[in-house]
Each structure stands twice: as structure tokens, then as C-alpha cells.
Amino acid sequence: MTLEPETRPGGLARRHVAAVTLGNALEFYDFLTYAFFSIQIGRAFFPTQSAYGSLMLSLATFGSGFVTRPIGALVIGSFSDRVGRRPAMILSYSLMGASIVALALIPPFLVIGVAAPVLAICIRMIQGFSLGGEVGCSTAFLMEASSPGRRGLVVSWQGASQFTAAAAAGLVGLGLTRLLAPPAFEAYGWRIAFLLGAVTLPFGLWLRRSLPETLHDPEAGPHVVREGEARLHTAWRYRRIIILGLIVLGSGTIGTYIFQYIATYAQATLHMPASSGFAAELIGYTLSIGALLAGGWVSDRIGRRPVNICANLALLVLIYPVFLWITTARSDLSLVLGVAVLSVVANFSGGSIFAALSESLPKAIRGGGFAVVYAVSISALGGTTQLVVTWLIHVTGNPIAPAWYLIGATAMGQIAFLLMPESAPVKSRARPPGIAEPARAAAT
């Protein structure tokens, strides 16, 4: 059997991977750009007597987008399980595209008064609804459309698209700090960043409309499918996987949003130039793309558990010494190199985690189940992480406070990793007859 010229070894056409990756990247670019420019957005929409108050209000608005993520996960994720992955991805992409343009065009508080923050909050909630459904249906599509022996690598593109978006946002932020004078950067630099993301909207929508549908394809695997069973009952049978997934993704979420806080952290806490923070985030995210794809590839060959457990343990060991170096040296070298090291180690297991969770859920609840687990963990911890970190630094006066928060989260994640079963097909093929499949064992 020969492959089409445009087909990857994993069995998925390049344009289909590009459609999912680009669409997911735009959604995360929009969502994360707000975090990068939280200081400037706070001054535009939430002018107060103190810089701390303005920043906290801006971060609270950033967090409002997490309130609607579980709702979007449930609505759009369930839609993908009932109707199809492609229409669900088109819906989430369209909603995010409209909101990215709308947020960039809101006049500041000085022009329209209290309507500015109200509109910003409403748009952030629409973005959260959209993004809540995006992750589940796009991950389910990548997993179902790839061959079993390449799932880790192919699913890694979902996470890689997020870091591509973060790197793009960091690059745009760094470029704007270089090209614009400080008053211009403060006044409208963030608006330019949002509108640049909107340029890809028509192309991304066209790509997504060309995607094949994977929902109705037959699926071989260990999952027990009971005819006529309600999805809620199916989810209850897989509750162990769902609970462990919540802990694992919650732990990773705290790390992700602490790293996305670096640009603000460098300016507000370390009193370093904005360009230093953007450079650190840009380099960290760029290197993380390669680490994430490499980790997914390795997990296809040796299994998900070794990759997840070892990478998380390495992160746990490195957090404190790296943060200590960053906060004592306060140099471009320590900030950039420290963030790069932690980002690479933290994200090496990213693709493996996504593959493990999606493989461990049956198709009937995969899109909605993955989306809800991801959205709940993100909403509960991602939306509050930057607020908590800012508050911890403020009340303790200690710039290393984020490290302690990250250590606690990573330790919880390590326990969950140790309890998660192996799901990689390479391990299933090697299992002797008579030994229960991990996903089935987890479901009963």
C-alpha cells in the first residue's frame, strides 16, 4: 500500500494537521496575548490609583474567560461526540475569530467609561466558551485520524500548536516593544497584536472546512462499548481516568500559566525591561515545541508512563534552584536560560499526556470527556494562577513565591502520574495474553 504524497507516516494528511494546528494556534494566540499584555490592557480598561490594582483587575478579567470554558467544553465537546469533530471545530474557530477582532476594537475606559471593562469581560467569556470546546474535539480528531503507532507524535501537534501560538505572541510582543515608542506601545500596541492574529482567520476557516470526519469511523481497542448506554453512565465507568486526568492537567496548568506570566513577572516583580520578559517567553516556547514533539515520539516507542513520570520528576527537582538563580541574578541570561530549561522539561511530556488521556477514553465520550477534564482543570487553576502568584508576591514580598506554588502543583501531578495506567499501543501489543488492557481495567 502506498501513501498519498501529502500523507504523513502517521496516516494523516499534512493539510489536515495544518488545519487543526493553525486553528488551535489562533485560538490560543488570542487567549494568551491577553496575558502577555495584561499590564497595558489593565491601564486601558481598568485605570486605578495604583499599578497593583489595575493589574489585578486586568488579571481578573483574564480569569473570567475560564469561567465559561467548562460550559464550552460540555456544549461543543458533546456536540463533537454527537454530530462530528469537523463541525465542532468550525464552530469554536468562528467564535474565537469574531471575539479576537471585537476585543481589539473596544475603545478605552477614558472614551466609553464603564462599558469598556464590561465589553472586555463579555468577550473574554465568549473566548473561554470557544476554547473550552476546541481542545477536546481537536485532540479527538488527531488521535482518531492517526495510526496507533504514531498517536503520541500526531496528538503532540495539538500541544505544539499552543506553544506555536505562545511563541508567536511573544515574538509579536517583542517586536512591538522594539518598533513602537513606549507611549505608543502602552496605548495601542496590544491592539495591533490581536489584529495580527485575525489575519489568518479566512485561511484557517477554509482549511477546517476541508477536514474529513472521524467520529463515525470504526475503532478497534480495549474500550467496552455498551449499546444504548447514556454518555453520563459511560463517563462514570471511566471515572478513575477522569479524576487522574483532572489532577495531571491541573498540575500542568499551574506550570503553564506561571510560565505565561513571565513577561508580567519580569516587569512588575523583577523590575526588568518588558523586552526581557518577552524574549524569555519566546525562547522558552520555541524550544518547548521541539521538546513536546520529541516527547510524543518517544512515548510511541517506550510508552506514556515512563515519559510522563520521568519528565515530571525532573521538573520537580529543578524548579527551586532555577527560580533562585533567576530572582538573585536578575539578568537577561538567568531569566532567558532559566525559563528555557523549565519550559523544555515541563513540556517534554505534553504530547504523551494528551495521547494517554484521549486513548483511555472511548470514542462516545472522547471529545466531550477530554474537553471537560481539560476545561475544568484549566478553569479551576489556570484562571486563578496568575492572580494567586501576584497576591503571594505582594503579601510575602518574596519574588521566589511562584516557585513554591509550582512545586506543590508538580508534586500532586507526580502522584497522579504514578497511578495512571499505560495506554500506548506499543505496550498493549507487548502485553501477554490474559492480562487486562489498562483502559478496560480503569473503566471497571
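Quick rundown of the values:
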{"quantity": "For SER423, residues with placed amide H under 5 Å, excluding near neighbours", "calculated": "ARG304, ARG305"}
{"quantity": "P(r) weight above 36 Å for the chain, C-alpha pairs, percent", "calculated": "23 percent"}
{"quantity": "Residue (of ALA340, ILE242, ASN398) at the positive-pole extreme of the chain, dipole from beta-carbon charges", "calculated": "ILE242"}
{"quantity": "Average accessible surface area per residue within the chain, 1.4 Å rolling probe, Å²", "calculated": "38 Å²"}
{"quantity": "Residues of the stretch 368-398 with amide N under 19 Å of the 7 Å Cα→Cβ point at VAL67", "calculated": "375-388"}
{"quantity": "Modelled FRET efficiency - R0 45 Å, ARG330 with ILE243, Cβ distances, 0.05 increments", "calculated": "0.65"}
{"quantity": "For ILE41, net neighbour charge (Lys/Arg +1, Asp/Glu -1) across residues whose Cβ lies under 11 Å away", "calculated": "+2"}
{"quantity": "For the chain, built as a Gaussian network whose Cα springs stay under 10 Å, the top-fluctuating residue of SER276, SER288, SER130", "calculated": "SER276"}
{"quantity": "Nearest-20 debye value, the chain charge dipole, Cβ charges on Lys, Arg, Asp, Glu", "calculated": "560 debye"}
{"quantity": "Theoretical FRET efficiency, 1/(1+(r/R0)^6), r = Cβ-Cβ of VAL83 and ILE121, R0 35 Å, to 0.05", "calculated": "0.70"}
{"quantity": "Simple spin-label estimate for MET412 and LEU318 in nanometres, 7 Å along Cα-Cβ", "calculated": "2.3 nm"}
{"quantity": "Label point distance in nm, PHE203-LEU171, each placed 7 Å from Cα along Cα→Cβ", "calculated": "1.2 nm"}
{"quantity": "Within the accessible area of the chain (1.4 Å probe), percent carbon and sulfur", "calculated": "72 percent"}
{"quantity": "Span from the the stretch 286-346 Cα centroid across to the the stretch 165-193 one, whole angstrom", "calculated": "27 Å"}
{"quantity": "Local net charge near MET272, Cβ-Cβ under 14 Å (Lys/Arg +1, Asp/Glu -1)", "calculated": "-1"}
{"quantity": "Largest-first ordering by accessible area, 1.4 Å probe, given options ARG151, ARG301", "calculated": "ARG301, ARG151"}
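The values are calculated or read from the model by the stated rules, or taken from the named source; none is laboratory data. Just so you know, these numbers come straight off a predicted model, no measurement behind them. FYI the Cβ positions are ideal-geometry reconstructions off the backbone, even for glycines, and counts take in every protein chain you see. When the accessible area is computed, the model is the full protein with side chains, heavy atoms only, and any ligands, DNA or RNA have been set aside. Shrake-Rupley method; radii C 1.70, N 1.55, O 1.52, S 1.80 Å.
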